[in-house]
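Colleague: First the structure, then my questions, so here it is.
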4 protein chains.
Amino acid sequence: MTRVAIQGATGYTALELMRILLRHPEVEITAITSRSERGHVTSVHPSLAQRLDLSFESLTAEQLGERSDVCFCCLPHVASMESVPQLLAAGMKVIDLSADYRLSDPGVYEQWYGHVHTDPTRLGSTVYGLPELFGDRIPGEELIANPGCYTSTSILALAPLLSAGLIEPTGIIIDAKSGVSGAGRSPKVNLLYAECNESIHAYGVGTHRHQPEIEQVLSDASGQTVDVIFTPHLVPMDRGILATVYAKPTSVASEGDLLTAMQEFYADKPFVRVVEHLPRTKDVAYTNYCDITVRMSKDRAIVIAVLDNMIKGAAGVAVQNFNLICRYDETTALL
Amino acid sequence: MTRVAIQGATGYTALELMRILLRHPEVEITAITSRSERGHVTSVHPSLAQRLDLSFESLTAEQLGERSDVCFCCLPHVASMESVPQLLAAGMKVIDLSADYRLSDPGVYEQWYGHVHTDPTRLGSTVYGLPELFGDRIPGEELIANPGCYTSTSILALAPLLSAGLIEPTGIIIDAKSGVSGAGRSPKVNLLYAECNESIHAYGVGTHRHQPEIEQVLSDASGQTVDVIFTPHLVPMDRGILATVYAKPTSVASEGDLLTAMQEFYADKPFVRVVEHLPRTKDVAYTNYCDITVRMSKDRAIVIAVLDNMIKGAAGVAVQNFNLICRYDETTALL
Amino acid sequence: MTRVAIQGATGYTALELMRILLRHPEVEITAITSRSERGHVTSVHPSLAQRLDLSFESLTAEQLGERSDVCFCCLPHVASMESVPQLLAAGMKVIDLSADYRLSDPGVYEQWYGHVHTDPTRLGSTVYGLPELFGDRIPGEELIANPGCYTSTSILALAPLLSAGLIEPTGIIIDAKSGVSGAGRSPKVNLLYAECNESIHAYGVGTHRHQPEIEQVLSDASGQTVDVIFTPHLVPMDRGILATVYAKPTSVASEGDLLTAMQEFYADKPFVRVVEHLPRTKDVAYTNYCDITVRMSKDRAIVIAVLDNMIKGAAGVAVQNFNLICRYDETTALL
Amino acid sequence: MTRVAIQGATGYTALELMRILLRHPEVEITAITSRSERGHVTSVHPSLAQRLDLSFESLTAEQLGERSDVCFCCLPHVASMESVPQLLAAGMKVIDLSADYRLSDPGVYEQWYGHVHTDPTRLGSTVYGLPELFGDRIPGEELIANPGCYTSTSILALAPLLSAGLIEPTGIIIDAKSGVSGAGRSPKVNLLYAECNESIHAYGVGTHRHQPEIEQVLSDASGQTVDVIFTPHLVPMDRGILATVYAKPTSVASEGDLLTAMQEFYADKPFVRVVEHLPRTKDVAYTNYCDITVRMSKDRAIVIAVLDNMIKGAAGVAVQNFNLICRYDETTALL
């Protein structure tokens, strides 16, 4: 049995995390923290009635460390890099769901997030928690940087073909579409129902922070400099990300060749399903699966990947990482 | 040509009003005000690009009066009753879309809105702007209290049968369902897309401020004390209200009798359509129509009414009132 | 380990059933049938890729009986009463998700479904599978009539207050709102996205087949003749039912009294949560919970209940019944 | 006054057309036809109650010609090319909303639509009804090929930069997203609410029939061979298309240069608005506007265009064409 704490537990990702962990036979949730809320967990998350009998608390890292073995840190960026060193010092293993430990270069972090990184020495060494690529490095780690939702979708779409040298590493276009839950639970006019419903729009064109994250991880994974154009869109649905990725094959390759390369790459990965049909976000909703396929159109390979941004894109992969660092079966609580 | 100003023009109702007025051949919009915004109207309402070349201003009633003949007041309640006397003093006719002049009794106002009414003498004398009931009193008025959206739906459903003495005035149940735009453009967590989508819930059970408004107007219109239970629900859609109303017939009456009474009541009303099928909010979306029908089930009459809360429930009826006070054809810009 | 077959496995309820059963540690799905489909289960349900490796088959009851111990019958009504006797004769236990065995009187069945019941002797004796009311009669049964979705919501809302004699058994109004998945997977114009989205409407007013089912079960459960008016509405969302129920207290009772009666009634029931807030369908989405509360408004008790029509309203309660007849823990695979 | 008939009037485009034409001061709708329906128009389109008092009829071209001056042909492709020559022979002007007269090469038509074109001589000579490009050729024409919805969005996005030689004509990627109404009113499982809602997916990758239409028109308009990859997606909303278009600038060009070229191109076009913000489909919903902007990201120009697929993408542009051929003001009934 592993005692688990969740820091910053009022958001959607934390809620999803609690739902999954409540199904985990080896987990006891022992503490949930919030900077603003003090009531019972059900005051914010009524869906947890009779499921979890905890109240939000304000706890120091030391107090958290006394009560728990692993901490899922769901704080926003900046707040996270202030907390994580303390959590580690208090003896916990940490899965950080913010962006603070994903980039390996403090300069790149500062450029995209507008803050000096206060824990730069850990940047290069922290494992990026995408188990399909770095699964063998995760077991036993103290700190895992849980990936972004757009990032996971894009990387899972591109890694096999890049690693096999089947597509050019530059000029890649990622046109991504996400449900609204990915934007979080902050009261902003542009996230109101009456603004988002019956509408689609692009945002952050050329400026979204997941772009450097995608480039870094794909470059690392494939041993070459990968360069992408990333365009996110907001779609009127709760959950789901679909990435439509356009890349140039390095030489003549059939759709079948590309599909085979993808199938081989993910042969022993339980949560990526290479399919022949065009996948829908609905097919993976409320699951930890990422469904992927590829088409050839004229001289382009078009890779299409879907996942549930709250699960495989956030809370699910966090539990997958948890299972790996704690050496539980990778799929526990996730099927 | 009538010069028109809109006070409090950043919200959804004001946007809808501008869209309709831009189609009105006898209207020129001359001023839009806001307490917080100063930019071009398109900075808040991009859909008005190349349609309206005005910026939000902070204007006194006098300044508004110099530029315009009629003012649509879209301020929130309390703010409205501070502004309306000044607008009238500045020589404008006023259509007030807030709740401040709808109730005739200052004590009832204070009880439900928690504020002392500062313009109580106008309460009893202001005409309630539901043209299907009070259309003959509206032409030439200086001030019109534009009705609430739930209120219009409920009153239009009940007035014919109550006026004809065909249903009991007490024990009436109004189960109403509304799209989210009715809640306005304020950044509140409970109005976020990710909260409202894929969900329905009741709210304000027994405490919604439209309940006394419905009772007052139906009592006035039918000459008896009408008593209703009103339960609103929030439905995942932009627009539309559906009211399902349960009432007891006063004597044996067939569905046909009730339908005939409704048809007669609305025979010369251009915007209420008595239909035989069960109407959908979609049938009246983006129109100024209210569609109504009735069914008998066991010993109950079930009246069902639908309208677009932003149009017939707010901006459309406001223009209908405007047409009447200015003696334009009632349907101008509304078909 | 129990071997399970699903008859009529192409619909939404069957899909949900498979998803739940795949999490059940004591279940092996051994056969899925269809009258029209012959492909792999993923050809119809792509979300089951790598989860279930079965193809749709056309199998006799005997063949099903050789492969399985329990059959979930997901056929439409009429087809179901033709199949169920054969399934029982082949030695299986059967959970029937159609309406064919829910009503106890063949005459009432014929009146509402327009077909003579061909297996009338089983009608009176088949247990109605609502475990919160009839849980002690279910263990060991051969055949269970799984309840309708509107029915479960309505009955769970009303049973405690009726059983305690706190509300009048007549004049009850049930205003119910459902997501679209409840209408099934048939290609009908009125179920198209472009028809249902951004719209709400009532249907089957006074004629919906769940009305006699609600009356029968509530009469049985409370020992008095219960009479309801039931009005269903279609709401633009995938899942969820909300019932708003209006009833007259038999004597002066506070909201607290009614709430207490409900809490006592469901004290040891794992899947009904009596809450103090107004529940949303979102709070119970993708769970087997039914959340209930009550309000007093003037002289009426207003009970509000929500559940996920696909789970607690269909597939989840079917597995709950399965657990009971097979004497597994009632909550297995359902938390 | 122009007498207008609508052939094939049961679909969504025809409904939208009727709504717009009912606002047109110079139009009388004199006939609506259907191959299957015979009832009053409100039996299929309840939103037209008290708006249009016509019933669906089966009429020959001659009969239509006796009653009307202009026919909007809303038949499906193939049916349309059978009807159009007869309509023309009966003396009417025709606006054909099908794909039958859009492609100029009968061979290309046969390749993409799988039918031999039976009216090939008209293919080359029929004007493609995109008024922003071919507006000077439309007045006085007998037959107009009304453009596809994806096509209009894509062409309006690309024409200015291609015509100005600012982007390469090859390697263009069009990633398009559409609401569900574009798929029509046919009862198909994949168009059910429960299939489309809460989901996004790509379809017709590399095989969608709007791809050759886009290429042909852009090649014609810019005098060079244009080659695009077109990927459509289905988005859970009623209306709206957003196209995100990726192209390579021919030389160093700033965002401002590209924006200026677009503004100049559309300077005198009333229905294309070149904007600086990222447009949302909601901004143009229920209007005949197309909103467009451009961004530079690394070495790519990203053009984003939105329109309402039912209006600017179908019925609205049809009325715009109607206004032009009848020499009414281009914007009549469309603002």
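The values are calculated or read from the model by the stated rules, or taken from the named source; none is laboratory data. In this text the structure is predicted, and so the values were computed from the model without any measurement. As a convention, Cβ positions derive from the backbone with ideal geometry for all residues, glycine included, and neighbour counts pool all protein chains shown.
Colleague: Whether any residue in region B:276-286 is buried (at least 24 other Cβ atoms within 10 Å of the Cβ), touching a residue at least 12 places away in the same chain (Cβ under 8 Å) and closer than 14 Å to B:V245 by Cα is what I want to check.
Modeller: Looking for residues that are buried (at least 24 other Cβ atoms within 10 Å of the Cβ), touching a residue at least 12 places away in the same chain (Cβ under 8 Å) and closer than 14 Å to B:V245 by Cα, one finds at least one in region B:276-286, hence yes.
Colleague: Continuing with this model, one more query. Which residues, taken from region D:240-264, are more than 7 Å from every other protein chain (Cβ to nearest Cβ) and closer than 27 Å to D:I20 by Cα?
Modeller: As a first pass, look at region D:240-264 and keep what is more than 7 Å from every other protein chain (Cβ to nearest Cβ): D:241, D:243, D:245, D:247-264.
Result: D:I241, D:A243.
Colleague: If you take the residues of region C:278-294 that are of a type outside the set (A, V, I, L, M) and in contact with a helix residue (DSSP H, G or I) (Cβ under 6 Å, 6 or more places away or on another chain), which of them is farthest from B:G171 (Cα to Cα)? Step through it out loud before you land on a result.
Modeller: Within region C:278-294, the first condition is being of a type outside the set (A, V, I, L, M), and the residues that meet it are C:279-283, C:286-291, C:293.
Going one step further and asking which of them are in contact with a helix residue (DSSP H, G or I) (Cβ under 6 Å, 6 or more places away or on another chain), we end up with C:283, C:288, C:290-291.
Details: C:D283: 31, C:N288: 35, C:C290: 29, C:D291: 27 Å.
Top of the filtered list is C:N288.
Colleague: Let me ask another. Consider A:S154 against the criteria (1) under 18 Å from A:L218 (Cβ atoms); (2) out of contact with any His (no Cβ under 9 Å at 6 or more places or on another chain); (3) among the hydroxyl-bearing types (S, T, Y): it satisfies all of them except one. Which criterion is unmet?
Modeller: Only one criterion in (1) under 18 Å from A:L218 (Cβ atoms); (2) out of contact with any His (no Cβ under 9 Å at 6 or more places or on another chain); (3) among the hydroxyl-bearing types (S, T, Y) is unmet by A:S154, namely (2).
Colleague: Conditions first: (1) more than 9 Å from chain C (Cβ to nearest Cβ); (2) part of a strand (DSSP E or B). B:I229 passes all but one, so which condition is the exception?
Modeller: Of (1) more than 9 Å from chain C (Cβ to nearest Cβ); (2) part of a strand (DSSP E or B), only one is false for B:I229: (1).
Colleague: Which of the residues that make up region A:210-226 are surrounded by fewer than 23 Cβ atoms within 10 Å (Cβ to Cβ), more than 14 Å from chain D (Cβ to nearest Cβ) and not polar (S, T, N, Q)?
Modeller: Hits for region A:210-226 are A:D220, A:A221, A:G223.
Colleague: Check off (1) under 24 Å from C:K282 (Cβ atoms); (2) over 16 Å from the mean Cα position of the chain (by Cα); (3) at pLDDT below 95 for C:A183 and give me the number that stays unchecked.
Modeller: In the conditions (1) under 24 Å from C:K282 (Cβ atoms); (2) over 16 Å from the mean Cα position of the chain (by Cα); (3) at pLDDT below 95, C:A183 misses (2) alone.
Colleague: Quick one: how many residues across region B:168-209 are part of a loop (DSSP other than H, G, I, E, B), facing another protein chain (nearest Cβ under 7 Å) and among the charged types (D, E, K, R)?
Modeller: Looking only at region B:168-209, we keep the residues that are part of a loop (DSSP other than H, G, I, E, B), and these are B:168-171, B:179, B:184-188, B:197-200, B:203-209.
Filter once more, keeping what is facing another protein chain (nearest Cβ under 7 Å): B:185, B:187-188, B:197-200, B:203, B:205-206.
If we keep only those that are among the charged types (D, E, K, R) too, we end up with B:185, B:188, B:198.
Counting residues in region B:168-209 that are part of a loop (DSSP other than H, G, I, E, B), facing another protein chain (nearest Cβ under 7 Å) and among the charged types (D, E, K, R) gives 3.
Yes/no per residue for (1) within 23 Å of D:Y289 (Cβ to Cβ); (2) at pLDDT 95 or above; (3) of a type in the set (V, I, T):
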| position | (1), (2), (3) |
| --- | --- |
| B:A5 | no, yes, no |
| B:A14 | yes, yes, no |
| B:L17 | yes, yes, no |
| B:I20 | yes, yes, yes |
| B:P25 | yes, yes, no |
| B:E28 | yes, yes, no |
| B:G39 | yes, yes, no |
| B:L54 | yes, yes, no |
| B:S68 | no, yes, no |
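Colleague: Looking only at region C:70-97, count every residue that is surrounded by fewer than 17 Cβ atoms within 10 Å (Cβ to Cβ) and over 25 Å from C:Q111 (Cβ atoms) and tell me the total.
Modeller: Residues in region C:70-97 being surrounded by fewer than 17 Cβ atoms within 10 Å (Cβ to Cβ) and over 25 Å from C:Q111 (Cβ atoms): 3 in total.
Colleague: Does B:K298 qualify as being within 12 Å of chain C (Cβ to nearest Cβ), surrounded by fewer than 20 Cβ atoms within 10 Å (Cβ to Cβ) and of a type in the set (D, E, K, R)?
Modeller: Working: within 12 Å of chain C (Cβ to nearest Cβ): yes; surrounded by fewer than 20 Cβ atoms within 10 Å (Cβ to Cβ): yes; of a type in the set (D, E, K, R): yes.
Spelling it out, B:K298 is indeed within 12 Å of chain C (Cβ to nearest Cβ), surrounded by fewer than 20 Cβ atoms within 10 Å (Cβ to Cβ) and of a type in the set (D, E, K, R).
Colleague: More than 22 Å from the chain's Cα centre (by Cα) and modelled with pLDDT of 95 or more: which single residue out of A:R295, A:R273, A:R239, A:R280 fits that description? Walk me through how you get there before you give the answer.
Modeller: Numbers: A:R273 fails: more than 22 Å from the chain's Cα centre (by Cα); A:R239 fails: more than 22 Å from the chain's Cα centre (by Cα); A:R280 fails: more than 22 Å from the chain's Cα centre (by Cα).
Matching residue, one of A:R295, A:R273, A:R239, A:R280: A:R295.
Colleague: Now a separate question. Among the strands (runs of 3 or more DSSP E) confined wholly to region D:232-335, which include 3 or more residues that are under 30 Å from A:P212 (Cβ atoms) and either touching a strand residue (DSSP E or B) at 6+ places or on another chain (Cβ under 9 Å) or not aromatic (F, W, Y) (or both)? Talk me through it step by step, then tell me what you get.
Modeller: Numbers: elements: D:241-247, D:272-274, D:290-297, D:300-307.
Strands (runs of 3 or more DSSP E) meeting the threshold: D:241-247, D:290-297, D:300-307.
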